[in-house]
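Comments concern the structure below.
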Amino acid sequence: MNITVSLGMLAFIVQTPSQPGHQGNSQLAVRADGGLVALAHTDAGIISGIHTTTMRPIWEARVGSRPESCTFLGKGKDLAATVYDEDLVIVLDGSTGAIKHRIAVTDEPYGIVSNKDGTRVYVTHEYPGKVSEIDPAQGKILRVLDAGSRPRGIALHPDEKRLFVCEFLSATMHAIELGQGKLVDTWKGQPSDNLSRQLAIHPTRPKAYIPHIRSRTTVIDGTGSIFPQLTVYDLTPPTEGKRRKSFGMDTFNGVYVVTNPWETAITSDGKKLFALYSGTDDMNICQVVDDDYKELERSGRAIVRVGKNPRAVRVSPDDASVFVFDSSDFAIRKLDCQTMALQGIAKLSKPHRSEEWIRGRVLWNSADSPMSSRRWVACSSCHPDGQPDGRVWSNPEGKRKTPHLGGLAHTHPLHWSADRDEVQDFEYTIRSKLMMGPGLLRESIQSKKNFKKTELEERTSGRSADLDALAIYTNSFTFNSLSPHALGEGKLTESALRGKALFSDAKVGCSTCHSGPFYSDSSLQSMKLHDVGTGASDASERMGNSYDTPTLVGVYRTAPYLHDGTAPTLRDVLTTCNKSDKHGVTSHLGNSQIDDLVAFLQALPFEKLPSKTDNTVKYLDSAASGPAKTK
């Protein structure tokens, strides 16, 4: 723990009402008296406390890899935060940043909210789909409840009898009755609904608000693939049974396109709603309409430009100011809630990263030029922070599942068809119909002809500082923790140990292709493609039926499987989708042996991964602080 405290900046603030858990999870939290704003600084591994009058940081606490959300405990000065990669909930002294409790919790804690009196906090766990109820004073887990699939967003109903969560990959919302500790209701969206991280409940009306995108996987075009959405859910459905109204936030703003809705915040009087768009550096100001029909309308200066890649917004308890975290500027801005005039900016500690990595992060998350000309699509629209969007896209070359980018620096070549040998080749994607950007190279490149692997002939690295920076950032994605199915570092269950033996058995043959520390024979020195019997069923395939070997690290959380997503589960990979024994010889294995193989695959990674292999590319972050901690 590293704490710095600056005294003399603390001022007496008149007590005002607190912000209870109905506002939902956020990287930002404002203390009940309005005097302090806290930030879960994900990239830096820090929780920061910032004085709201001076907008100067007064303390920092290093808490671990990827703090994702924080909340003050009711009207008190202490706060709690989630640390995603290290499976922790941290309770801190809000006056000094001193850590009071480090609570080991189940995997992937993401969102956190407190009840009004600060005696309970509730935490979503993206994998394996749970909510923890915690007594923060005692540092004790009281209950772990089922919460659907991949929940991130979380909010308490104002009466604190129900808890609401939303699923990251579907924007489906669930209600949990806290008295029973059970899921009691579900609001499903459209099949295209995707990437929802946060939800908020109106303080007086029975409404929930979830920002998300829609992914139209059958359209590969910058004007028809990704759309910004804000969905309003009716908590008490009207007579006709309609339970949701979804707004396209591009058409909501006329011809002004916004991208990647990230978070919302509601004033305490319930009259205004602010919505952030991380891809275009915008914030919407909406008037809440109490009519159960129109719901929202644009208000005054409907769109405000903020800093780079905004990811959190909070309103002060007295509704006088709005705080926005500009994540790629590493700053929090304070705006007047009525006029949107800038009242101050707090500069925060930067992560231990190179300037090239920081520039690459800006480009990765941007839908502005030069990455896009139409402002609908950013790299992060399908690969949020290097994770997959859970979609199978009907690409021109055939159906392609979005891969996890963890370990990318060590598993080149790229794409399922191995048609790219450097990340800089994504200049072709930036210039394609999908992103429609002018690109990062200020010179011509070879044109694509049909489905020839032109990118392997064209050297794109070393020709543009921005393109190299994008590669450095993209190559930085990794798996920061062990699988929750492992028993600890280097430790497997008995079933997984038997599965490991089968995996390595030459008669089964899994390890022939899935070799090395990243379980892939993907190599720039000897590009190997394999026909595993999965391509012939796709009539749209244009590049042949042989594919690059994907890494198996982290495969437990990346369903569906295979290049076209036709295997819903790992068991299907080994059985129903492997009837000809082309994807390993598994037809002779019994059910218990298949179970053992699945147990081993789910346990990956169960060992620390190397930072360098014989296939590691050279475009890496020179200032990276080394491998992240494992669980």
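Readers should treat all values here as calculations from the given coordinates under stated rules, not as data from a laboratory. Nothing here was measured: the structure is a model prediction, and the numbers come from that model. Quick reminder, even Gly has a Cβ in these numbers, built from the backbone with ideal geometry, and neighbours come from all protein chains shown.
Mean sequence separation of contacting Cα pairs (under 8 Å, at least six apart), scaled by the length of segment 356-474, corresponds to a relative contact order of 34 percent.
Along the axis of the charge dipole computed for the chain (Cβ charges of +1 for Lys and Arg, -1 for Asp and Glu, origin at the Cα centre), the listed residues 578, 22, 474 are led at the positive end by 22.
Projecting the Cα atoms of 47, 76, 61 onto the dipole axis of segment 29-96, where Lys and Arg carry +1 and Asp and Glu carry -1 at the beta carbon, places 76 farthest toward the positive end. Taken about its Cα centre, the chain carries a charge dipole of about 420 debye when Lys and Arg each add +1 at the Cβ and Asp and Glu each add -1 at the Cβ.
Once you sort the root eigenvalues of the Cα gyration tensor of segment 479-631 as a ≥ b ≥ c, which label holds: rounded (a/c under 1.5), prolate (a/b larger than b/c) or oblate (the other case)? Here segment 479-631 falls in the oblate category. Find which of 540, 605, 550 sits farthest along the positive direction of the dipole of segment 536-631, computed with +1 on the beta-carbon of Lys and Arg, -1 on that of Asp and Glu, about the Cα centre. The one lying farthest along the dipole's positive direction is 605.
Overall form of segment 358-501: prolate. Here a/c, set by the Cα gyration tensor axes a ≥ b ≥ c, is 1.5 or more, and a/b is the larger of a/b and b/c.
Placing +1 on each Lys and Arg Cβ and -1 on each Asp and Glu Cβ, with no other charges, gives segment 307-382 a dipole about its Cα centre of roughly 260 debye.
Distance between the C-alpha centres of segment 20-79 and segment 505-545: 46 Å, rounded to the whole angstrom. Using C-alpha pairs under 8 Å with a sequence gap of at least 6, the mean separation divided by the residue count of the chain gives a relative contact order of 9 percent. Counting only alpha carbon atoms, the long axis of helix 355-364 and the longest principal axis of the chain meet at about 90°.
For the chain, adding -39500 (n - 2.57) for each run of n ≥ 4 DSSP H residues and dividing by the number of residues yields -2500 deg cm²/dmol at 222 nm.
In whole Å, how far is the Cα centre of segment 559-631 from that of segment 150-177? Cα centroid of segment 559-631 versus Cα centroid of segment 150-177: 31 Å apart.
Think of each Lys and Arg Cβ as +1 and each Asp and Glu Cβ as -1; about the Cα centre, that makes the dipole of segment 369-466 roughly 440 debye. Rounded to whole Å, give me the distance from the Cα center of segment 202-223 to that of segment 277-298. Using only Cα atoms, the two centres lie 12 Å from each other. Among the listed pairs 271/334; 75/130; 161/294; 579/608, which have their C-alpha atoms separated by more than 23 angstrom in this model? Cα-Cα > 23 Å for 75/130; 161/294; 579/608; rest within.
So what's the angle, to the nearest 10 degrees on a 0 to 90 scale, between helix 494-504 and the longest Cα principal axis of the chain? Taking the Cα atoms of the chain, the angle to 494-504 is about 40 degrees.
Let me test this: with uniform point scatterers at the alpha carbons of segment 269-424, what is the Debye-based log₁₀ I(q)/I(0) at q = 0.12, 0.15 1/Å? Here log10 of I(q) over I(0) equals -0.68, -0.93.
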